[in-house]
Amino acid sequence: FGAAYPGGVYRLSAMAARPAAQLAELAENPALKPQLLALLRHLRPDTGLRDDSRFGDILAELRQTLEQAGKPYLWIVDDLPDDLNGPVLQQWLARGGFGHSLLICRSQRYDARFDPVHLPMPSERTALHILTRDRPPRGDELDAAGWLVEELGRHPRYAAMIGALAEGHRHRRTAYSWLLHRLEKRTRAAINAPQPGPSAPPAPQEAHGATILLVSLRVLGGPARDILRLAAELAPHPLPLDFIVE
């Protein structure tokens, strides 16, 4: 999205967002406040606002800073729960003439409030593009790649993961065939992966995803497991990005 939003693309985690029953609860948004303050400090290091500043003041100065730049910017609001009421939801959205919001959630209940974009299953051509990473497959490599994306249900995330695994191989057809064999075989760990909820991918795709993840961990070794374990620990917490990176 970078080219379309020269004012910046900013991600907010709404996993801990909660609806507000009283006006007093709107005065402080503990899930959003530290994220906005971290973003404000990044954009305006000389800001006088601190951790104990009012949430409304942080929000107002941040939006003013973004609008003064005069460039379109995008807020990606990730893991949005489906039970937020209107006033709370408004706090999570970019406002002003240059602000745009992309809501990532499994719920459809916000359709009446906004103009959502629903992404269909990718076409075979798009899935192959994701899988082969800008290197169009040819000949028997095309057959193996096509078989693989169909087995994955053209799931874009799984196709991207497979593409990353195959990138280091000299002969991608061999890599595709090997990975396809692994998907058909399915390890016990993949079959015993947590069952998906009603809005998650179908069970066969979930098992394929677990298999790909296990293969990736085996290829990348111990450091990858440490990174994933750390990510799992940090995911529920609204920590500033610079803290997580450090």
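The numbers here are math on the coordinates, done by the rules we state, and not lab data. Everything quoted here is computed from the prediction, not taken from an experiment. Here the Cβ is made from the backbone with ideal geometry for all residues, glycine too, and neighbour counts use every protein chain on show.
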Worksheet item: What net charge is computed for the residues neighbouring Gly7, neighbours being all others with C-beta under 12 Å from the C-beta of Gly7, Lys and Arg scored +1, Asp and Glu -1?
Response: +1
Response to the item:
At R0 = 30 Å the Cβ-Cβ FRET efficiency linking Ala38 and Arg157, nearest 0.05, sits at 0.65
Worksheet, complete the sentence: Two pseudo-spin positions, 7 Å from Cα along C-beta at Asp83 and at Met121, lie apart in nanometres by 3.2 nm
Worksheet item: Can you give the alpha-carbon Rg of region 1-80 over 2.2 N^0.38 Å, where N counts its residues?
Response: 1.14
Response to the item:
If each K or R counts +1 and each D or E counts -1, the residues other than Asp140 whose Cβ falls under 14 Å of its Cβ total +1
Practice prompt. Could you calculate the contour length gain from Ala231 to Arg218, that is, 0.36 nm times the residue separation minus the distance between their Cα atoms, to one decimal place in nm?
Written response: 2.9 nm
